[in-house]
1. Treat the count of other C-beta atoms within 10 Å as a stand-in for reagent exposure and order A:S67, A:S356 from fewest to most.
2. Report the Stokes-Einstein translational diffusion coefficient (µm² s⁻¹, integer) for segment B:141-202, Rh taken as the Kirkwood radius over Cα pairs, at 20 °C with viscosity 1.002 mPa s.
3. For segment A:365-404, which chymotrypsin sites (Phe, Trp or Tyr not before Pro) are both in a DSSP coil and crowded by at most 15 other Cβ atoms within 10 Å?
4. Enumerate the calculated ³J(HN,Hα) couplings along segment B:105-120 in order (Karplus 6.51 cos²θ - 1.76 cosθ + 1.60, θ = phi - 60°), each rounded to whole Hz, writing x wherever the residue is Gly or Pro.
5. Using alpha carbons only, how many angstrom separate the centre of segment B:97-133 from the centre of segment B:3-30?
6. Taking the Cα-to-Cβ direction at B:L166 and at A:R266 and moving 7 Å from each Cα, how far apart do the two end points lie in nm?
7. Round to the nearest 10 and give me the degree value, 0 to 90, for the angle of helix B:189-202's Cα axis relative to the longest principal axis of chain B.
8. Would you calculate the volume per residue, in Å³, of the smallest convex hull containing every Cα atom of segment A:265-432?
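What follows is calculated from the coordinates using simple rules that are stated; it is not laboratory data. Quantities reported herein were computed from a predicted structural model and do not represent experimental measurements. Reconstructed Cβ throughout: ideal geometry from the backbone, glycine too, with neighbour counts over all protein chains shown.
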Amino acid sequence: MLPASDMLWLALVVLGGSLAAVLIVLGVVLARLRDTERRLDEKESRHESVLDRLQENEYRLRTIIESEPECVKLQAEDGTVLEINPAGLRLVDANQPADIIGRKIFSVVAPEYIDIYRENMRRVFAGEAMVYEFRAITLKNRVAWMETHAAPLRDARGNIYALLGITRDITEHKQAEEQARRHQTELARVARLSTMGEMATGIAHELNQPLSAIANFSRGCIRRLRGGGMSPVELIEPLEEVCEQAERAGDILRHVRDFVRKSEPRLKPMDVNQIVRAVVKFTEHEARQQRTLVRLHLDPQLPKVAADAIMIEQVMVNLVRNAIEAMSEANSARREIAIHSRLFGADSVEIEIVDSGPGIDGNLIDQVFDQFFTTKPEGVGMGLAISRSIIESHGGTVRAESSRDGGAILRFTLKISPQQSNRRERADSIHS
Amino acid sequence: MNEPTVFIVDDDQAVARSLRWLIESVRLRVETYASAQAFIDGYDAARPGCLVLDVRMPGMSGIELQERLAAQRIRIPIIFITGHGDVQMAVRAVQAGAFDFVEKPFNDQDLLDRIQRAIARDGECRDRDLHQARLRTLFASLTPREREVLELVVDGLSNKAVANALGLSAKTVEVHRAKVMEKMHARSVSDLVKMAMQRQAWD
Ligand SMILES: Nc1ncnc2c1ncn2[C@@H]1O[C@H](COP(=O)(O)OP(=O)(O)O)[C@@H](O)[C@H]1O
Ligand SMILES: [Mg+2]
């Protein structure tokens with residue numbers, strides 16, 4: 001007995017490392033205790049000293065469990081809580097043991113997890129040691145994520161009579177995990193958007209394949225027909241090829257459409273100045289390489305806008321890159337980009353990006369937002385087209401102009417977030 | 001076997017088949033290959049024609065295939081087909097010795113014309129190679145003395161001047177000269193001069 005409880009001590013010391021190990025030891029110890037108790041009962045306490053030792057041991061064990069920082073509890077097969085330590089009471093927000101002991105554990109398990117929990121219990125009572133997670137709703141209706149290491153407790157005959165569970169609150173851990181996952185998907189979206197330009201090249205190449213095949217097959221048919229001496233049956237095969245290739249082109253376009261549909265904006269109240277600063281950071285390296293100075297003229301009092309931050313970042317990266325590229329291509333002596341943010345009308349915020357490059361030719365101003373319009377030898381011409389579709393999906397507008405000093409000006413607007421404008425109205429009415 | 005063939009290398013099977021259908025409409029022989037490697041493995045350099053290559057291919061690119069052929073001194077003319085945005089690459093390929101390139105989408109007549117020109121060029125090169133090889137064997141059949149006589153005759157010296165220069169009798173020179181004409185299958189001195197010049201130009 002003693003070595004076992006000593007082991008328990010040891011195991012508790014390394015608790016951080018292995019709750020499962022503790023459980024197994026604990027289970028064995030408890031089972032032996034019960035067994036000894038039973039045998040002693042049978043022998044009518046003739047061995048007083050042994051009983052003393054047992055009580056002493058049980059006392060020690062109780063002390064351990066009572067002072068154990070994690071929730072330790074015993075449950076019956078029907079889910080009734082038999083015993084629970086003070087840490088456990090705190091975990092379920094119980095004021096006294098009676099709040100939970102004698103009641104079903106399911107009273108603190110979130111409804112959607114009750115079935116899973118039951119199944120897990122069933123398996124433990126079938127002899128399995130398990131680790132499981134569930135969402136808990138405490139006696140004070142606090143929602144928390146829990147993790148339980150559970151093991152069956154057996155008597156001397158090997159019958160399982162209880163479930164021993166050590167449970168801890170993993171809410172923080174879960175939240176961190178959730179955040180990491182969200183960050184991950186956002187990164188994936190960024191990656192997807194930033195490769196839109198590359199994607200456009202890819203689409204162009206992909207579409208070129210079936211289109212050239214169609215042209216070649218058709219031209220081959222025409223030539224043979226012109227040459228005469230060709231039976232119509234011989235044209236069936238190449239014409240079938242033409243149909244197949246047209247379908248192939250259609251499939252490619254469908255993929256593109258699906259892809260674009262997936263990038264619907266998820267609007268949230270955002271600080272537009274913060275987005276601007278993030279973009280300046282992203283493009284810092286390119287700006288420095290091209291000896292371009294970026295100045296910010298941001299209105300610090302702006303209300304939040306309704307925006308998908310990642311998409312707006314993408315738009316601004318496009319605009320800033322275009323400015324950097326225009327100035328470096330034109331070999332401009334002065335290379336400056338000024339970014340302004342300001343209130344625009346009653347319900348919008350405007351962002352303006354001004355550069356000191358060659359500006360945009362008056363005849364081309366209407367075309368720069370067209371897909372595949374580019375004046376650059378290696379350009380794709382999708383940057384402004386994508387930017388415009390993003391801004392319009394946000395309910396804003398985007399325009400290009402040449403400034404009086406010759407550089408280009410690109411402006412776009414974003415709607416003030418509805419919660420924000422309400423607050424502003426309220427603030428206004430209080431003042432007036 | 002000596003009929004020129006248009007070899008098409010394109011990883012896109014539909015494009016390859018469509019090119020075959022188009023090119024066969026002008027009664028040219030066509031063979032298609034799905035990869036640069038497949039072409040290298042299957043091509044016999046003795047076969048005349050031209051190569052139509054997609055610049056962009058997975059695995060060995062068109063440009064790499066061009067380099068590999070150049071390294072093996074295989075000089076079959078190459079016409080590159082380029083997609084959107086690859087023109088730069090094609091220009092570089094032409095600078096590296098490719099015959100020509102067409103940009104997708106191309107005009108069919110344009111492609112066929114270029115193919116015909118490439119095949120013509122390949123034919124000329126092969127004729128020239130043959131001619132050169134023939135000349136080389138002819139020259140090799142001359143004795144050292146005959147070669148000396150040939151060089152002086154080609155330089156425009158009279159029989160007498162050749163005899164003086166080589167310390168031979170005019171009669172002996174006359175005999176050597178007749179032998180040279182016969183061995184070289186030359187009908188006149190000007191034929192000999194032409195052959196000597198061609199040999200100089202190619203060596
Ligand atoms: N700041 C600018 N200054 C001058 N011209 C610009 C500027 N921004 C965009 N343009 C013009 O608009 C065209 C389209 O831009 P964009 O859609 O981003 O495609 P790309 O950058 O691939 O050319 C550019 O090729 C350029 O002619
Ligand atoms: Mg751009």
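1. With the fewest neighbours first, A:S67, A:S356 line up as A:S67, A:S356.
2. In µm²/s, the coefficient is 185.
3. Working: sites: A:F369, A:F372, A:F373; in loops: A:F369, A:F372, A:F373.
When the chymotrypsin sites (Phe, Trp or Tyr not before Pro) of segment A:365-404 are filtered for loop state and at most 15 Cβ neighbours within 10 Å, A:F372 remain.
4. Coupling constants for segment B:105-120: x, 10, 7, 5, 4, 4, 4, 5, 4, 5, 4, 4, 4, 5, 5, 4 Hz.
5. Each part reduced to its Cα centre gives a spacing of 14 Å.
6. Distance between the two pseudo-spin positions: 9.6 nm.
7. In chain B, helix B:189-202 runs at an angle near 50 degrees to the longest axis.
8. Here the figure is 115 Å³ per residue.
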